[in-house]
Structures are given as C-alpha cells and as structure tokens.
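Structure first, then comments.
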Amino acid sequence: MESTVIMLNAQQREALVAFTKKGVHSVRLVNRARVILALDRNGKKDHLRITRISDQVGLSRQAIYDIRDDFLASETIESFLTRKKRETPPVPPKVTGEVEAQIIAIACSEPPEGYARWTVRLISGRTAELGIANGIGKSAVGDVLKKHNLSLT
C-alpha cells in the first residue's frame, strides 16, 4: 500500500505558501494549496485531522482526500497547481472545413427557382435537404458566411 502521508520539504512549502499569498489565482487552486499545507506532517508534532481541515478550508472530507491523492500522484507542485488542457472539445464541431466548403458552394450557386438570391434560411434548408452535417442552423450558416466575408446581397 502506498503512503498517504504528505511530507513537504522547505522548498515545496515555500512555493505553496507563496502561491496562496501572492498573485491572482482561482479560489479552487488556492484551496488545493492550503489543503496540502494543512496536510503536511514534516516537522510538526501535532497535525490537523481531515475533519478539521475540511472545516477550516470549507471543503468536504472527500474533496480533501481527492486533493491529497492528486498531490501524491503529481510529479511536481506546478503540475499539481495547474489545470490540464483538454485535448479534444467536449462536443465535436458540426461545421468542419468540408461543411464550410459545401455551404460556400451553395451560396455561390444559382438561387432556387422563384428566388432572386440565396438567404441564410434557404441555405440552411438546402443543407438539411442534402444531408450536410444533419442540417445546420441559420446562425451557423451566417457564421460561415461572415467568416469568409461573403455577402448574400
């Protein structure tokens, strides 16, 4: 079983104290640093219990355990105190380069019979007819046209 005791050296402790007192950081990250400082047992005769730390910081006991485990799993203090960048967006975009090209092709083609010009609504309807990205909304079509500096007039 791996150790769940946190023993900070002087350099780590100074870095965490400086993080909590200097600069502008999110409350979440400052609370994470404060929890680790409270959990540090290096050089202390009496350490704070998890319940007392949760009352002091205003987090649940489970949050304290999770922060402790994150700290023990991280390699450096910097990696512990920074958020990881998401590799992929939570929802993939509907409008890809291929879809943009098809929208532009529709906008540059002859308008349907009975119309003098294309409108955003007509283009959106045509994308639904052709099955392009399961039909995209008028605002997405307008965004594509604006992005490529195309005017329907």
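The values are calculated or read from the model by the stated rules, or taken from the named source; none is laboratory data. Nothing here was measured: the structure is a model prediction, and the numbers come from that model. Because the Cβ atoms are built from the backbone with ideal geometry, glycine has one as well, and the counts that use them run over all protein chains shown. Quick note on the areas: whole protein, heavy atoms, side chains included, nothing else; ligands and nucleic acids left out. Shrake-Rupley method; radii C 1.70, N 1.55, O 1.52, S 1.80 Å.
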Hey, can you rank 118-131, 138-151 by average C-beta count inside 10 Å, highest first?
118-131, 138-151
Expressed as an acute angle from 0 to 90° and rounded to the nearest 10, what is the orientation of the C-alpha long axis of helix 97-108 relative to the principal long axis of the chain?
30
Rounded to 0.05, the calculated FRET efficiency for the beta carbons of residue 79 and residue 49 at R₀ = 35 Å is 0.80
Charge-dipole axis of the range 4-134 as Lys and Arg at +1 and Asp and Glu at -1 on Cβ define it, positive-most pick from 23, 132, 73
23
Would you calculate a helix-derived [θ] at 222 nm for the chain, using -39,500 (n - 2.57) for each DSSP H run of n ≥ 4 and dividing by the full residue count, to the nearest 500?
-16500 deg cm²/dmol
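Multiplying the sequence separation of residue 42 and residue 113 by 0.36 nm and subtracting their Cα-Cα distance, what value in nm do you get? All intermediate terms of the calculation are to be shown ahead of the outcome.
Working: separation 71, 0.36 × 71 = 25.56 nm, distance 8.06 nm.
Value of the extension gain: 17.5 nm.
When only Cα pairs under 8 Å and 6 or more residues apart are kept, what is the percent relative contact order across the range 4-75? Working shown, then result.
Working: 60 pairs, mean separation 24.6, N = 72.
Dividing the mean separation by the residue count of the range 4-75 yields 34 percent.
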Residue-normalised accessible area of the chain, given per residue in Å² at a 1.4 Å probe:
71
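Take the Cβ-Cβ distance between residue 56 and residue 9 as r, set R0 to 30 Å, and report the resulting FRET efficiency rounded to the nearest 0.05. Before the final figure, lay out each step's value.
Values: r = 23 Å, r/R0 = 0.77.
Using R0 = 30 Å, I get an efficiency of 0.85.
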Within the accessible area of the chain, what % is carbon and sulfur when the probe is 1.4 Å and the other protein chains stay in place?
50
Unit charges on C-beta of K, R, D, E only; dipole of the range 55-117, Debye
160
Report, as a whole number in µm² per second, the diffusion coefficient that Stokes-Einstein gives for the range 78-132 at 25 °C and 0.890 mPa s using the Kirkwood radius over alpha carbon pairs.
174
Assuming R0 = 22 Å, can you tell me the calculated FRET efficiency for the pair residue 86 and residue 63, based on Cβ-Cβ distance, to the nearest 0.05?
0.55
Roughly what angle does helix 61-73 make with the longest principal axis of the chain, taking Cα atoms, 0 to 90 degrees, to the nearest 10?
90
Could you tell me what % of all Cα pairs in the range 16-136 have separations over 27 Å?
50
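By per-residue mean of other Cβ atoms within 10 Å, what is the highest-first order of 25-33, 91-99?
Working: 25-33: 15.6, 91-99: 10.8.
The packing order, highest mean first, is 25-33, 91-99.
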To the nearest 20 debye, the range 76-153 has a Cα-centred charge dipole, built from +1 on Lys and Arg Cβ and -1 on Asp and Glu Cβ, of 360
For a label point 7 Å from the Cα of residue 28 along Cα→C-beta, name the residues of the range 74-117 whose backbone N is under 18 Å from it.
74, 78-91
